[in-house]
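A short worksheet on the structure shown next.
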Amino acid sequence: MTKEFEEYMKNRELSKNTITAYYNTLKQFECRYNTLSQQNLRDYKMYLIDHYKPQTVNLRIRAMNCYLEYLNKESWKLSTIKVQQKPFLENVISEADYLYFKNCLLQDREMLWYFVIRFMAATGARVSELVQIKVEHVKIGYLDLYSKGGKLRRIYIPSALQKEALAWFKETGKTGGFIFLNRHGKTLTSRWISNQLKQLAEKYGLDPNVVYPHSFRHRFAKSFLERCNDISMLADLMGHESIETTRIYLRKTSTEQQAIINQIIDW
C-alpha cells in the first residue's frame, strides 16, 4: 500500500482500525494476484465468499472499493453480498450477568475493569471511543466526537457514573488525561481489553461468548429501549447513520425468546 493511499484514507477520516483492516485486505489481494484487473477482482470476491463469513466478505469488498476509488476506477467496484439477518440478537450479555460481573469486579477491587464495562454499558461507547475518554470529559459529563463529514456525536456520561468515576479519580490522585491506561501509561488497545474481559469472564464463571467489548454497547441499547422507548434518540446516541440499523435492538435475544415461549405456551 502506497503512502498516498494511506493519506487518502486518513483524509476520508477512516479510523485507525479501518485503515489497518483495509491495508491487510490489499496485502491479501496482492499476495494472491499479480495484477489488478476486473477478472482478478471477481475471482477475489469468490475466494472471500468461499472462505469467510458475510460480514468479513463485505468488509474486504469495501476495502477494495476504497482502493478503486483512490485509483479513479470506480466502474470496477464490487457489489457487496446480502447478509441474512437473524430474527434475534445473539451473544448479548444479559442485564443480570452484567450486574453480577460489575459486582464481582467491584468486590475484588478490579477498579479499572469495573469502569471499563461501566462506561461501555452506561454510555454505549464503542471500545475505540472508550479509550478516548478523559478525566476532563467526566467532569463536564460528555465527550464530543466528530465523524467523517463533520457530523457531531455526543457521548453522555450519566450523573451516577460521573459521581462514581470522580470519586475513583480522587482516590487514585488522577487529575486529568486519558482514563484507561496500562501500567506504562499508554492507552489500552481494543485487543487487550477484549482478551482481559474474556479472562475475567472465565474467572467469574460467565460465558466468554457474551463478554466482549461490543456486547456492553448492545447492553446499553437494550436497556435504554426497555426504559425509554425512543428509538430515534437511541439511533442518535449510538451514532447510527440510519434508524434501520438501530431497529435490531427491538428484537429479543434468543434466550429471551426461549423464556417467553416457555412461559406462555401451554397448549
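Could we say that Ser254 is farther than 16 Å from Thr123 by Cβ, at pLDDT 90 or above and open to solvent by 30 Å² or more (accessible area, probe 1.4 Å) here?
Values: farther than 16 Å from Thr123 by Cβ: yes; at pLDDT 90 or above: no; open to solvent by 30 Å² or more (accessible area, probe 1.4 Å): yes.
No: the conditions fail for Ser254.
Return yes when Glu136 is closer than 29 Å to Asn209 by Cβ and touching a residue at least 24 places away in the same chain (Cβ under 8 Å) and no when it is not. Criteria not met by Glu136. Taken over segment 189-229, the residue count meeting the criterion of being within 17 Å of Glu256 (Cα to Cα), open to solvent by less than 30 Å² (accessible area, probe 1.4 Å) and either among the hydroxyl-bearing types (Ser, Thr, Tyr) or without any contact (Cβ under 8 Å) to a residue 60 or more places away in the chain (or both) is 3. List the residue pairs whose Cβ atoms are under 7 Å apart, where the first residue sits in segment 164-186 and is within 21 Å of Val127 (Cβ to Cβ) and of a type in the set (A, V, I, L, M, F, W, C), the second is open to solvent by 60 Å² or more (accessible area, probe 1.4 Å) and modelled with pLDDT of 95 or more, and the two are 6 or more positions apart or on different chains. Listed by first residue and then by second, the contacts come to Phe178/Lys134; Ile179/Lys134. Check segment 133-150 and report whether any residue there is within 21 Å of Ser194 (Cα to Cα) and either aliphatic (A, V, I, L, M) or outside any helix (DSSP H, G or I) (or both). There is at least one residue in segment 133-150 that is within 21 Å of Ser194 (Cα to Cα) and either aliphatic (A, V, I, L, M) or outside any helix (DSSP H, G or I) (or both).
Can you name every residue in segment 48-79 that is touching a Lys or Arg at 6+ places or on another chain (Cβ under 7 Å) and either farther than 16 Å from Leu26 by Cα or not hydrophobic (A, V, I, L, M, F, W, C) (or both)? The answer is Asn65, and nothing else. Listed conditions (1) assigned to a helix (DSSP H, G or I); (2) surrounded by fewer than 16 Cβ atoms within 10 Å (Cβ to Cβ); (3) out of contact with any Phe, Trp or Tyr (no Cβ under 7 Å at 6 or more places or on another chain) are all met by Glu129, apart from (2).
Pull up segment 169-185, narrow it to residues that are in a loop (DSSP other than H, G, I, E, B) and of a type in the set (Lys, Arg), then point me to the one that is surrounded by the most Cβ atoms within 10 Å (Cβ to Cβ).
Residues of segment 169-185 that are in a loop (DSSP other than H, G, I, E, B), as a first pass: 173-177, 179-180, 182-185.
If we keep only those that are of a type in the set (Lys, Arg) as well, we get 174, 183.
Values: Lys174: 16, Arg183: 5.
Only one residue tops the list, namely Lys174.
Which count do you get for residues in segment 5-35 that are farther than 22 Å from Val127 by Cα and either in contact (Cβ under 8 Å) with a residue 24 or more places away in the chain or among the basic types (Lys, Arg) (or both)? Here the count works out to 8. Contact annotation: residue pairs with Cβ atoms under 6 Å, 6 or more positions apart or on different chains, pairing a residue in segment 237-253 that is aromatic (Phe, Trp, Tyr) with a partner that is assigned to a helix (DSSP H, G or I), are Tyr249/Ala221; Tyr249/Lys222; Tyr249/Leu225. The numbered conditions (1) out of contact with any helix residue (DSSP H, G or I) (no Cβ under 8 Å at 6 or more places or on another chain); (2) free of Cβ contacts under 8 Å to residues at least 40 places away in the same chain; (3) open to solvent by 90 Å² or more (accessible area, probe 1.4 Å) are all true for Tyr100 except (2).
State all residues of segment 17-73 that are in a loop (DSSP other than H, G, I, E, B) and open to solvent by less than 40 Å² (accessible area, probe 1.4 Å); if no residue qualifies, say none. Give the steps one after another, and end with the answer.
Kept after step one, since they are in a loop (DSSP other than H, G, I, E, B), are these residues of segment 17-73: 33-37, 52-53, 71-73.
Those that are in a loop (DSSP other than H, G, I, E, B) and open to solvent by less than 40 Å² (accessible area, probe 1.4 Å): Tyr33, Ser37.
The values are calculated or read from the model by the stated rules, or taken from the named source; none is laboratory data. Computed from a predicted structure; not experimentally measured. Counting neighbours? That spans all protein chains shown, and the Cβs are built from the backbone with ideal geometry, glycine included. Ligands, DNA and RNA are excluded from the accessible area calculation, which covers all protein heavy atoms including side chains. Shrake-Rupley method; radii C 1.70, N 1.55, O 1.52, S 1.80 Å.
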